Structures are given as C-alpha cells and as structure tokens.
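> This is the structure, below, for whatever I ask next.
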Amino acid sequence: MHEVENHVKLKELTVNPKTCLSMQRHDKRAEFWFVAEGEATVYTVDPNSTEYDIMASPVRHQSVWIELNEWHQLCNETDRPLKLIEIQYGENCVEEDIERR
C-alpha cells in the first residue's frame, strides 16, 4: 500500500474465487480499479429500488471508476483469483470512510 498525504492511496487487492467484498460507499473518496488478472463483476444499488444491478464486468487490463458516494460491490464469480489495483483519491482516504449496506 502506498499513501500520499491521505489524498491518494494505492492498494493491490486479491479476491478469491466465488467470493465478494461488502456492498459499500465512501463519503470522502472515489476509487479507480484496474484489473490485473481475472474477471470482476461490480454491482451497484438501483437508486429507485433495493435491487442490485451490474455496474460493470471488467476483465484483464480493463478498468472501472467508482464515483464519490456510489454504492459498489466487487465480486469474483469465477474459479480463478481476481487481482486488481485500487487507487483511492479524494478528501480523505481512510478505512473509516466506509458505509456498508
């Protein structure tokens, strides 16, 4: 992990096969995800209901932007590990800035 004055943070994430991270959003940061290996499914919440929708399905060398306050969930629905680079950027890139659903 690399950090620049709490305004930019760089992380490498590995999501195991058939697992998901929590549905979450951030008040003080946005994120950029670059898929280094594998295939991702990114879900969001439909603002007109409580249904989850697919936001993106990036594969190796593709990317996704997660806007400030946008609900997002990263899933690996394949049988192979998913590896991605996450760049957090904004007012304050701290782990406490997570609202989970």
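> Averaged per residue, what accessible area in Å² does the chain show with a 1.4 Å probe, protein chains only?
60 Å²
> Another question about this same structure. Quick one: length gained pulling Cys20 to Tyr89 fully straight, 0.36 nm per residue minus the C-alpha distance?
Taking Cys20 through Tyr89 to full extension adds about 22.6 nm, to one decimal.
> Another question about this same structure. On the protein heavy atoms, probe 1.4 angstrom, tell me the percent of accessible surface of the chain carried by carbon and sulfur.
The nonpolar share, carbon plus sulfur, comes to 48 percent.
> Same structure, new question: Each residue of the stretch 80-89 in turn: what ³J(HN,Hα) in whole Hz from Karplus with 6.51, -1.76, 1.60 and θ = phi - 60°, glycine and Pro shown as x?
Those phi angles translate into 10, x, 10, 10, 9, 9, 10, 10, 8, 8 Hz.
> Taking 7 Å along the Cα-to-C-beta vector as the label spot, tell me the Ile98-Thr50 distance in nanometres, rounded to one decimal.
For Ile98 paired with Thr50, the spin-label model returns 2.3 nm.
> Tell me, for the chain, which Cys residues have no other cysteine's C-beta sitting closer than 4.7 Å.
Cys93
> Starting from the amide H of Thr78, placed 1.01 Å from N in the peptide plane, find each other amide H under 5 Å away whose residue is 5 or more places distant or on another chain.
The answer is Lys18.
> In whole Hz, with x marking every Gly and Pro, tabulate ³J(HN,Hα) for the stretch 22-33 from phi via Karplus 6.51 cos²θ - 1.76 cosθ + 1.60, θ = phi - 60°.
So the J values, rounded to whole Hz, are 6, 6, 8, 8, 10, 7, 10, 8, 10, 9, 10, 10.
> Each residue of the stretch 41-50 in order: what ³J(HN,Hα) in whole Hz does its phi give by Karplus 6.51 cos²θ - 1.76 cosθ + 1.60, θ = phi - 60°, with x for Gly and Pro?
Result, rounded to whole Hz: 10, 10, 9, 9, 9, 5, x, 9, 7, 9.
> Continuing with this model, one more query. Would you list, by chain and number, the lysines whose Cα falls below 16 Å from the Cα of Lys18, excluding same-chain residues fewer than 8 positions away?
Partners found: Lys83.
The values are calculated or read from the model by the stated rules, or taken from the named source; none is laboratory data. Keep in mind that this is a model prediction, so the values were computed, not measured. Because the Cβ atoms are built from the backbone with ideal geometry, glycine has one as well, and the counts that use them run over all protein chains shown. We work out accessible area using only protein heavy atoms, side chains counted, and drop any ligands, DNA or RNA first. Shrake-Rupley method; radii C 1.70, N 1.55, O 1.52, S 1.80 Å.
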